[in-house]
Amino acid sequence: MNQQVMMRRLMKMKQEMEATQEEIQETPFEASAGGIVTVTVMGTKEIAKIEIDDSFEVESKEDLEMLSDMIIAACNQAYKSVEKTTEEKMAKYQALLGGFGGGLF
């Protein structure tokens, strides 16, 4: 294969990969825990929003601990969604670039 053709293909693939990464970063991922807490995390793994259902009432220290646990669980679930989506969408690039050292993601 001609080197110029190969370079054009690599540049196109690089642009597609960057566009995919940008799409993931701009995507909101939502997760819920206990029907009380809903967390929205961006593809950059930054927390964008935490919502607590109005029906939740704090009556004791245990309620605060439970709320804390639900927030952590929802965040972890959202982060796993980000990772799964990233792996799925970037898999084709990783497979194609595997011969160039791998481990890019």
Those strands (runs of 3 or more DSSP E) lying entirely in the stretch 1-99 with at least 1 residues more than 17 Å from the chain's Cα centre (by Cα) and touching a residue at least 40 places away in the same chain (Cβ under 8 Å): 28-33
Selection from the stretch 26-64 of residues that are surrounded by 16 or more Cβ atoms within 10 Å (Cβ to Cβ) and over 16 Å from Ala74 (Cβ atoms): Thr27, Gly43
Residue list for the stretch 50-79, restricted to those being in contact with a strand residue (DSSP E or B) (Cβ under 6 Å, 6 or more places away or on another chain) and closer than 23 Å to Lys89 by Cβ: Ala74, Cys75, Gln77, Ala78
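None of the figures in this text is laboratory data; all of them are computed from the coordinates on show. Just so it is clear, the model here is predicted, and its values are computed rather than measured. Because the Cβ atoms are built from the backbone with ideal geometry, glycine has one as well, and the counts that use them run over all protein chains shown.
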